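**Q** This structure is in structure tokens; I'll ask about it shortly.
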Amino acid sequence: DSILLASKFRGCLVGGLLGDCLGAPYEGDYRIPKTVLQKYFDTLEGPYFKSPVKQYTDDSAMTKCIAESLIAQERFDSLDIAKRFVKEYFGDPRRGYGEQVVEIFHKLRVQKFGDPFGPAKEQFGGAGSYANGGAMRVAPLALFCHSDYNELINLVEQSAKLTHTHQEGYDGTILQAIAVYQSLHLDPKEKLDTQNFSSQLIEKMSEIEEEDDNPYPYQTQLEKMQILLDKKEDADDEEVQRIMGNTVAALYSVPTAIFCFLRACAPIPEIETENPFRRTIQYAISLGGDTDTIANMAGAIAGAYYGYSVISENLQKHCEATEQFIEYADKLHKITASK
Ligand code: 8NA
Ligand code: MG
Ligand code: MG
Ligand code: MG
């Protein structure tokens, strides 16, 4: 129903924001001791105390651009999104952007947006970026297209190609959007069937992935994920890092984020919380590497599944721009309800 969906919209955007803000201090660390993160989350979730907010990074800065564009235009407008990326970057460049993506913003400004898709094609000697920058910002578009799957696939691919033209870059963006889409359509009161969730992802990706030198990379990663999820004894962190990955590559971070969501439905050793949303992002951060982005993507999927009501109020208060992201969610819900 509409009340649940509105809560899922908020959960998705606020969930992603919290993953970014809370994961950012650990970005690039090899692995974060479970005891350290337990204390970090317990402190932030406990009785409220005044402290500087945890700032969001490029992940949420670009998510903001897409949300604001969809709200202003009430449709997907790639030129408008490109302009917002550039305005946002030059207005507030110190948000930890990817090293190469900023090249695109400079070129777009110089060519005055004559060809918004052009500069991305020149990245990495023409290979295009395979990093997770398309996937980390896609949540608002997944919400916008929640009732039209074919439109979702089409628009998400375009949104990615403004910066990411490598197949792994845009197919990873599509995978993240499909995961959010599936979460939105599930009832959080029913027990999540993790194998069914991942089988559906594999089936949908089989319609997306094209054969090339390395055929079906996402389906392959998702199959490895299923084996890890199936393991009777808990898969240890070293194994998860090695098999799923935790880097800025979309192939080694988007399936990892999905794994975190599915793994965190049940208790995880050394993560002491009854709250499955918190467990998802706390676990994602503990794996190290691209912590802000993996926690952001896992948080968006988890929030879209559980809804806003499970997200701790005190955690929200410690993060920058929570109110703004709630507003985006409510506006997107209103627009899509009347579409
Ligand atoms: P991007 O397109 O600049 O890619 C980021 C990095 O990925 C590049 O600098 C390269 O090292 C590598 N890369 C991507 N494609 C290729 C390729 N075809 N060949 C060789 N190397 C390649 O930026 P983006 O927006 O996709 O990046 C998103 C990530 O950057 C997020 O994690 C975000 O938080 C940010 N970030 C990450 C780190 C980190 O150390 N994990 C640090 C700062 C910022
Ligand atoms: Mg970031
Ligand atoms: Mg394709
Ligand atoms: Mg990152």
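**Q** Looking only at segment 56-84, how many residues end up being assigned to a loop (DSSP other than H, G, I, E, B) and within 16 Å of ligand 4 (Cβ to nearest atom)?
**A** Of the residues in segment 56-84, 2 are assigned to a loop (DSSP other than H, G, I, E, B) and within 16 Å of ligand 4 (Cβ to nearest atom).
**Q** Here is a further query. Return yes when Gln167 is at pLDDT 95 or above, touching a helix residue (DSSP H, G or I) at 6+ places or on another chain (Cβ under 8 Å), surrounded by 14 or more Cβ atoms within 10 Å (Cβ to Cβ) and not charged (D, E, K, R) and no when it is not.
**A** Here the answer is no, as Gln167 does not meet what is asked.
**Q** Right, another one. Looking at Arg95, Arg75, Arg84, Arg109, can you tell me which residue is without any contact (Cβ under 8 Å) to a residue 60 or more places away in the chain, within 11 Å of ligand 1 (Cβ to nearest atom) and among the basic types (Lys, Arg)?
**A** Arg95
**Q** Separate question: Tell me which residues, restricted to segment 198-219, are in contact (Cβ under 8 Å) with a residue 24 or more places away in the chain and either within 16 Å of ligand 2 (Cβ to nearest atom) or exposed (fewer than 14 other Cβ atoms within 10 Å of the Cβ) (or both).
**A** If the condition is that a residue be in contact (Cβ under 8 Å) with a residue 24 or more places away in the chain and either within 16 Å of ligand 2 (Cβ to nearest atom) or exposed (fewer than 14 other Cβ atoms within 10 Å of the Cβ) (or both), then Glu210, Asp212 are the ones that fit.
**Q** Looking at segment 26-56, which of the residues that are in contact (Cβ under 8 Å) with a residue 60 or more places away in the chain and of a type in the set (S, T, N, Q) is farthest from Thr322 (Cα to Cα)?
**A** Once the filter is applied, the top-ranked residue is Thr35.
**Q** State whether the residues of segment 127-142 include one that is free of Cβ contacts under 8 Å to residues at least 12 places away in the same chain and not in a helix (DSSP H, G or I). Step through it out loud before you land on a result.
**A** Our first condition is that a residue be free of Cβ contacts under 8 Å to residues at least 12 places away in the same chain; within segment 127-142, this holds for none.
Scanning segment 127-142, I find no residue that is free of Cβ contacts under 8 Å to residues at least 12 places away in the same chain and not in a helix (DSSP H, G or I), so the answer is no.
**Q** Additional query: Is there a residue being aliphatic (A, V, I, L, M), crowded, with 17+ Cβ neighbours inside 10 Å and within 19 Å of Ser69 (Cβ to Cβ) anywhere in segment 100-107?
**A** For segment 100-107, residues aliphatic (A, V, I, L, M), crowded, with 17+ Cβ neighbours inside 10 Å and within 19 Å of Ser69 (Cβ to Cβ): present.
**Q** Give the number of residues within segment 77-94 that are buried (at least 17 other Cβ atoms within 10 Å of the Cβ) and in contact with a helix residue (DSSP H, G or I) (Cβ under 7 Å, 6 or more places away or on another chain).
**A** 8
Here's the yes/no breakdown for (1) more than 20 Å from Cys319 (Cα to Cα); (2) of a type in the set (Val, Ile, Thr):
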| position | (1), (2) |
| --- | --- |
| Tyr30 | yes, no |
| Gln38 | no, no |
| Asp42 | no, no |
| Gln55 | no, no |
| Thr63 | no, yes |
| Ala72 | yes, no |
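**Q** Going through Phe113, Phe90 one at a time, which residue ends up being on the phi > 0 side of the Ramachandran plot and over 19 Å from the mean Cα position of the chain (by Cα)?
**A** Residue meeting the stated conditions: Phe113.
**Q** For segment 23-37, give me the residue count where each residue is in a helix (DSSP H, G or I), within 16 Å of ligand 4 (Cβ to nearest atom) and over 18 Å from Asn132 (Cα atoms).
**A** 1
**Q** So which residues in segment 307-325 are over 23 Å from Gln182 (Cβ atoms) and touching a residue at least 40 places away in the same chain (Cβ under 8 Å)?
**A** Matches in segment 307-325: Ser312, Asn314, Leu315, Gln316, Lys317, His318, Cys319, Glu320, Ala321, Thr322, Gln324.
**Q** Exactly one condition in (1) surrounded by fewer than 24 Cβ atoms within 10 Å (Cβ to Cβ); (2) away from ligand 1 (no atom under 15 Å from the Cβ); (3) not polar (S, T, N, Q) is not met by Ala249; state its number.
**A** Among (1) surrounded by fewer than 24 Cβ atoms within 10 Å (Cβ to Cβ); (2) away from ligand 1 (no atom under 15 Å from the Cβ); (3) not polar (S, T, N, Q), the lone unmet condition for Ala249 is (2).
**Q** Take the residues in segment 108-128 that are among the aliphatic types (A, V, I, L, M) and under 14 Å from Lys87 (Cα atoms); name whichever of them is surrounded by the most Cβ atoms within 10 Å (Cβ to Cβ). Break it down stepwise before answering.
**A** Initial filter on segment 108-128 (among the aliphatic types (A, V, I, L, M)): 108, 110, 120, 127.
After this cut, where a residue has to be under 14 Å from Lys87 (Cα atoms) as well, the list is 108, 110.
Working: Leu108: 23, Val110: 10.
The qualifying residue surrounded by the most Cβ atoms within 10 Å (Cβ to Cβ) is Leu108.
**Q** Have a look at Leu152, Leu162, Leu186, Leu175 and point out the one that is farther than 19 Å from Tyr130 by Cβ, in contact (Cβ under 8 Å) with a residue 24 or more places away in the chain and crowded, with 17+ Cβ neighbours inside 10 Å. Before you say what the answer is, go through the steps one by one.
**A** Numbers: Leu162 fails: farther than 19 Å from Tyr130 by Cβ; Leu186 fails: crowded, with 17+ Cβ neighbours inside 10 Å; Leu175 fails: farther than 19 Å from Tyr130 by Cβ.
Result of the check over Leu152, Leu162, Leu186, Leu175: Leu152.
**Q** Any idea which residue in segment 19-76 is nearest to ligand 2 (Cβ to nearest atom), counting only those that are buried (at least 19 other Cβ atoms within 10 Å of the Cβ) and of a type in the set (Val, Ile, Thr)?
**A** Filtering segment 19-76 for residues that are buried (at least 19 other Cβ atoms within 10 Å of the Cβ) and of a type in the set (Val, Ile, Thr), the one nearest to ligand 2 (Cβ to nearest atom) comes out as Thr57.
**Q** Okay, moving on. Restricting to segment 85-101, give me the number of residues that are among the aliphatic types (A, V, I, L, M), over 20 Å from Ala249 (Cα atoms) and within 16 Å of ligand 4 (Cβ to nearest atom).
**A** So the answer is 0.
The values are calculated or read from the model by the stated rules, or taken from the named source; none is laboratory data. For clarity, every value in this text was computed on a predicted model and none was experimentally measured. We place every Cβ from the backbone using ideal geometry, glycine too, and count neighbours over all the protein chains shown.
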